[in-house]
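Trainee: Take this structure, written in C-alpha cells, and hold onto it; I'll ask about it next.
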Amino acid sequence: MNTATSSLPSVGVVGAGRMGTPIIGHLARKGFATAACDVNPAREQSVTAAGARWVADAAGLSQSDVILVCVGFDAEVRALLGADGPLADTRPGSIVAILSTIHPDTVRALAEAAEPRGVHVIDSTVCRGGDAADKGTLLSFVGGDAQVVGKIKRVLQAYSADVVHTGGVGTAQVAKAVNNLILWACLVADHEALALAQHQGVDVEALRQALMISSCTNGPLGKWGSQTMAWAEDDMAIVAEMAAQAGIGLPQAAVTREICRTLKPKRYQLELYGR
C-alpha cells in the first residue's frame, strides 16, 4: 500500500457542476479517496469518469473526513447542514468546507450549530473561474480556526494554486464578496469603455490587447467574450446586505448592481465565469 496515499483524508463532494466536477477530478488524481453526489443523476458518468465514487445523495458522504459543499445558493447549503439535513449526521472530527458563495452569517450560524457535535464547519470560497478549476489553479480563500485550516490545506491544494487563510469562519465569504464586487465593477467598466471605443471607430480588439498591458489591465478584460452576468445579482445582493449590516454606504456597488441587471438579459457573454 502507498503510505502517502493511505494517509490522505477521504473527501466527499456535494455538487458536481461546472466547478465541482473538475475539483472532484483533481482530488481523485492526487490520490484522495473521493466520493461525490449531485441532485442531477445525469452527472454520475462525469463523476465516475473523473475517478471518484458516485453516491445517491449527500447522506452517503456523511462519514467522509472532509466534505466540500459546492452547491449554488444559501438555501441549499442550509438545507444540507441544518438539523434535519442529510449532513446532520456528519461524524465528529470531520471538516465541512463550504465553497459556495453565500452570506457569511450563514456559515457562522452553521459552524456554531455544528460545534457541539465536534464537526468543524468552515468556508473555503474559490476564485478565478472555470478555466482555473479545469487546470487546478484556483485561488482558495479559507475562513476558520488555524488548526482546522491546516488540516484541510492538502485537500485544497489538490485543486488550488494559492490558498489564503483570511481569518475566522465567514471571512472567506467576505473575501469572495470583495473579489466579486471588484470583478463586476471591472466588467461593467470594460463593457462601457469598449462600447465607446467601438462607436468612435477604434479597432476594439487591438485596443483591448493594448489595455491588457496598460495601467488599467484587469481580469475580465483578459477573459473578454467568455464571461456572463449570471451570478452578478446574487453576488451584489450579498454585498449590499453586508454593507447595510456594517452601516456603510457603497454607492458605486449600488450602481454596478443596477447596471448588471441591465446587461444580464443581453447575454452578450458566452460562458459561466467566476463559479
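Just so it is clear, none of the values below were taken in a lab; they were calculated from the coordinates. Please read these numbers as outputs of a predicted model, since none were measured by experiment. Neighbour counts are summed over all protein chains in view; Cβ atoms, including those assigned to glycine, are modelled from backbone coordinates with ideal geometry.
Trainee: Among 176-186, 227-237, how do they line up from the highest to the lowest mean number of other beta-carbon atoms within 10 Å?
Mentor: For the peptides 176-186, 227-237, the packing ranking is 176-186, 227-237.
Trainee: Rounded to the nearest 500, what is the 222 nm mean residue ellipticity of the chain from helices alone, with -39500 (n - 2.57) per DSSP H run of 4+ residues and division by all residues?
Mentor: Calculated at 222 nm, the ellipticity per residue is -14000 deg cm²/dmol.
Trainee: Then there's this: Determine ³J(HN,Hα), in whole Hz, for all residues of region 199-216 in sequence, where each value follows from phi through the Karplus function 6.51 cos²θ - 1.76 cosθ + 1.60 and θ = phi - 60°; x replaces Gly and Pro.
Mentor: Calculated HN-Hα couplings, in order: 6, 9, x, 7, 5, 5, 5, 4, 5, 4, 4, 5, 5, 5, 10, 9, 6, 9 Hz.
Trainee: For a distance above 22 Å, tell me the whole-number percent of Cα pairs in region 174-266 that qualify. Kindly include the intermediate steps, with their values, before the conclusion.
Mentor: Details: 1373 of 4278 pairs.
Counting every Cα pair in region 174-266, those more than 22 Å apart make up 32 percent.
Trainee: Can you sort VAL96, VAL126 so the residue with the fewest Cβ neighbours within 10 Å comes first?
Mentor: By the 10 Å Cβ count, ascending, the order reads VAL126, VAL96.
Trainee: Rounded to whole Å and ordered largest first, report the semi-axes of the equivalent ellipsoid of the chain derived from its Cα gyration tensor (root of 5λ).
Mentor: Value: 35, 21, 16 Å, ordered largest first.
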